[in-house]
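See structure below.
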Amino acid sequence: MIEKKVGTDFEIYFPTVYSSQVVTGFNYMVKVLVDVCGDGVCVHAKIFQDLPCRGGELTVTKVQYPKHFYDVLEPV
């Protein structure tokens, strides 16, 4: 889903940092390293997880790309 939103393919997905927020489900902000050989390129993704009683489905709602490894993970 992240690749579709960004329009490119990544060989690796290495989550490095995340934060969470309780809403009517959960919002997760995740910093994902997608290029270890280059400049430390990352994707910042906001992922919503529905409540378990509603199936607990995960949905990528926002993506910031490209981001650098040292960029601060901020809510989008």
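Here, each number is a calculation from the coordinates, and none is a lab measurement. Model, not experiment: these values are computed from the prediction. Virtual Cβ from ideal backbone geometry, glycine too; neighbours counted across all protein chains shown.
Observations on the model:
- Scope region 18-42; condition closer than 16 Å to residue 66 by Cβ, among the hydrophobic types (A, V, I, L, M, F, W, C) and surrounded by fewer than 16 Cβ atoms within 10 Å (Cβ to Cβ); matching residues: 36, 37
- For region 1-17, residues that are in contact with a Phe, Trp or Tyr (Cβ under 6 Å, 6 or more places away or on another chain) and loosely packed, with under 12 Cβ neighbours inside 10 Å total 0.
- Count - residues of region 20-42 that are on the phi < 0 side of the Ramachandran plot and under 16 Å from the mean Cα position of the chain (by Cα): 14
- In region 43-70, residue farthest from residue 5 (Cα to Cα) [restricted to those that are loosely packed, with under 14 Cβ neighbours inside 10 Å and more than 14 Å from the chain's Cα centre (by Cα)]: 53
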